1. Pairs only if they're at least six apart or on different chains, beta carbon under 7 angstrom, first in the range 215-230 and over 13 Å from His174 (Cβ atoms), second open to solvent by less than 90 Å² (accessible area, probe 1.4 Å) and small (Gly, Ala, Ser); list them, first residue then second.
2. Do we find a residue being more than 23 Å from Ile156 (Cα to Cα) and hydroxyl-bearing (Ser, Thr, Tyr) anywhere in the range 189-200?
3. State yes or no: is Cys157 modelled with pLDDT of 95 or more, touching a Ser or Thr at 6+ places or on another chain (Cβ under 8 Å), open to solvent by less than 60 Å² (accessible area, probe 1.4 Å) and assigned by the TED database to the domain that holds Ile220?
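The values are calculated or read from the model by the stated rules, or taken from the named source; none is laboratory data. This structure is a prediction, so every number in the text was calculated from the model and none was measured. When we count neighbours, we look across all protein chains shown, and the Cβ atoms used for this are built from the backbone with ideal geometry, even at glycine. Just so you know, the surface numbers come from the protein's heavy atoms only, side chains and all, with ligands and any DNA or RNA stripped out. Shrake-Rupley method; radii C 1.70, N 1.55, O 1.52, S 1.80 Å.
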Amino acid sequence: MPRTASKPTKKRSKPYTVTSSDTDPVPSASSKTKKSSKENDEKYKLFNKYANTSSGVIDPEGIEKLCSKLKVSHTDIKILMLAWKMKAERQGYFTKAEWRRALKALKVDTIKKLKKALPELEKEVRKPLNFADFYAYAFRYCLTDERQNCIDIGTICQLLDMVLGSTFRDQVDHFVDYLKIQNDYKVITMDQWMGFYRFCNEISFPDMTNYSLELAWPLILDNFFEWMREKQA
């Protein structure tokens, strides 16, 4: 059988493929997971240095050791700010989840990095919207019992000095003096605590010309106002 001439075939062009020289390498999902896992491991290793091996949390003794490494006092406001960043629920105790939350947000995994991050954290907290939340948190953090809803006058005086002292020195000093000499209140509630913050932000001091007894201020602030008026008379 005679052969028939075959039709010339068209040469197919090879499909274009992207090579590593054409674009930057994209990290795979597994490499991202490994990196995240490594970062978590570093945070947990740091956590375990200060955690109580029995309870699995950083307790007051562990916080003392942490503060020593950070070279800050345990009464320094930065430690309270760190607790705020953690959203720590129990005064004097940091859980592993709370610890991880703060260190992840601050992007740190060593004591050296954490120490450097504290001044930036303070700047973040000092922003007006953040500070209002921090101020309320400071009160809640000092509630040592689930059923507790108020704080004794002595603790409140210390807390006011720590939290508001640098911003409203004159108001805090006078209010603390009043709290120490008055006999009507043994404890302060959240409403009274937040009322004083509003007072500091809204009322001219020490003249208090824009304070009105007709407005809805906590009674303790009305009493403080009248006490100040008697002193100024």
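1. Here the result reads Trp217/Gly195; Pro218/Gly195, each pair linking the range 215-230 to a residue that is open to solvent by less than 90 Å² (accessible area, probe 1.4 Å) and small (Gly, Ala, Ser).
2. Within the range 189-200, not a single residue is more than 23 Å from Ile156 (Cα to Cα) and hydroxyl-bearing (Ser, Thr, Tyr).
3. no
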